[in-house]
Amino acid sequence: MPDVLLLTLLLAAVAIGWWLGRRERRKAEDPAPSSGLARDYFVGLNYLLNDQQDRAIETFVAALEVNSETIDTHITLGNLFRARGEADRAVKIHQNLLARPTLSGTQGDRVQLELSRDFLKLGLLDRAERLLQTLVRDTQDDELRLEAKRLLVDLLEREGEWQQALSVAQPQLVRHSEEMRRAAAHWLCQLAEQERFEASPGLARKHLRQALNTDPRCVRANLLLAGLEHDTGHYRQEIRLLSRIPDQDPAFTPTLLDPLAHAYRLLDDEEGLIHHLRQLLERTPYTSVIILLAETLRQREGPAAAIALVREQLARESSLGALDYLMDLYRQDDQGESLERLELLQQHTRTLLKALPRHRCRRCGFAGEQLHWQCPRCRSWGTTKPITGIEGE
Ligand SMILES: [Zn+2]
């Protein structure tokens, strides 16, 4: 059903147009009979009273003359149609405006911007892209150019055109917005991932260094750089790069644990891993760090050492995951009667843990098992992080 707002706006716009016209005619002492505008107004009103709102809208739109005073009304009308999901109608109104020779340069650019929004809404990405490229190149209005760039970047990002998105966003957008810097660093990471896959490590490294220059807190760039070292067997170098991640953002510590443990194992340096994990634990006493360290200790020194560590950490801070792991250790250590009770208890911790997501977007709250560099719900980059705390990693 059409919006009340839309109809009110139309009614008011047509009525004002009619009244202005009458006033002008009176000034000119022109005794012209009631104009076509007035007739259309009453026809439209009649449709409205008969609950034929769509026909009312069409009559009002046709009645509303396009001139420099009503151009804003026309643009707003189109936008209202788009907002209520009738983008094809919005396209008609905006295209109709563009065909008018009376538009000034900036007015024409504004209509083009709205038209590209209509196309985006309709999924006509090619047409939107062409309009936006023209606007970015030709408009004299700085505000409009900035907005066109934002829309174009968003579109190119959806299409996975990372390099193009970068060249539109740089330097202006990137300089002025932290969010854009974060996104640009991830586009460079996307390029680097592609290049790593295509066995061009040199190019990938170059893009990753650019990513870190753009956003020094880009965890993904360091993870990928570490991966490149891993590919060539430089495990010490890999470890060095991974250990920068907690400085960038301690919340990502759980993410680096797997590659870290793997690198130390390939170096056959268990002692080094234990030392490294103890340092991490001091700084970020996360469940996943506790469990990895305890598990490494268990394999090296037996369950008693692991039990001692987990108990000590649980005394510092509660953690469902660590509790579950402790029960595991007790079960391995105990063959007696309490085994059954432990199993029963662990059924509950397991169920609880299984129901918990492991990653959450700090912006929109989207939660899931996987780490997404770009949030699938709000599309922002680098805001999904491991969940830590009692129920987390
Ligand atoms: Zn989100």
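Matching residues to (1) within 15 Å of the ligand (Cβ to nearest atom); (2) surrounded by fewer than 16 Cβ atoms within 10 Å (Cβ to Cβ); (3) basic (Lys, Arg):
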{"position": "Thr351", "(1), (2), (3)": "no, yes, no"}
{"position": "His359", "(1), (2), (3)": "yes, no, no"}
{"position": "Cys364", "(1), (2), (3)": "yes, yes, no"}
{"position": "Gly368", "(1), (2), (3)": "yes, yes, no"}
{"position": "Pro376", "(1), (2), (3)": "yes, yes, no"}
{"position": "Trp381", "(1), (2), (3)": "yes, no, no"}
{"position": "Thr384", "(1), (2), (3)": "yes, no, no"}
{"position": "Thr388", "(1), (2), (3)": "no, no, no"}
{"position": "Glu391", "(1), (2), (3)": "no, no, no"}
For the stretch 253-267, pairs from a residue that is in contact (Cβ under 8 Å) with a residue 60 or more places away in the chain to a residue that is part of a helix (DSSP H, G or I) and open to solvent by 10 Å² or more (accessible area, probe 1.4 Å), with Cβ under 6 Å and 6 or more apart or across chains, are Pro254/Ser288
Return the residues of the stretch 232-254 that are within 30 Å of the chain's Cα centre (by Cα), polar (S, T, N, Q) and not in a helix (DSSP H, G or I); say none if nothing qualifies. Ser243
Show the residue pairs meeting these rules: Cβ distance below 8 Å; 6+ apart or different chains; first residue within the stretch 343-368 and aromatic (Phe, Trp, Tyr) and modelled with pLDDT of 85 or more; second residue assigned to a strand (DSSP E or B) and within 11 Å of the ligand (Cβ to nearest atom). Phe366/Arg360; Phe366/Thr384
Given the conditions (1) open to solvent by less than 20 Å² (accessible area, probe 1.4 Å); (2) under 24 Å from Leu371 (Cα atoms); (3) without any contact (Cβ under 8 Å) to a residue 60 or more places away in the chain, report the number of the one that Thr296 does not fulfil. (2)
Anything in the stretch 212-223 that is part of a helix (DSSP H, G or I) and open to solvent by less than 80 Å² (accessible area, probe 1.4 Å)? List them, or say none. Leu212, Thr214, Val219, Arg220, Ala221, Asn222, Leu223
Return the residue satisfying two criteria in turn: it lies in the stretch 183-211 and is open to solvent by 80 Å² or more (accessible area, probe 1.4 Å) and under 25 Å from Arg150 (Cα atoms), and of such residues it is farthest from the chain's Cα centre (by Cα). Arg209
Determine, yes or no, whether Leu267 is surrounded by fewer than 22 Cβ atoms within 10 Å (Cβ to Cβ) and either aliphatic (A, V, I, L, M) or closer than 28 Å to Gly123 by Cβ (or both). yes
In the stretch 79-116, residue surrounded by the most Cβ atoms within 10 Å (Cβ to Cβ) [restricted to those that are more than 26 Å from the chain's Cα centre (by Cα) and not in a helix (DSSP H, G or I)]: Leu103
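The values are calculated or read from the model by the stated rules, or taken from the named source; none is laboratory data. Just so you know, these numbers come straight off a predicted model, no measurement behind them. Positions of Cβ are generated from backbone atoms using ideal geometry, with glycine treated the same way; all protein chains shown enter the neighbour counts. These area figures cover heavy atoms from the full protein model, side chains too; ligands, DNA and RNA do not enter into them. Shrake-Rupley method; radii C 1.70, N 1.55, O 1.52, S 1.80 Å.
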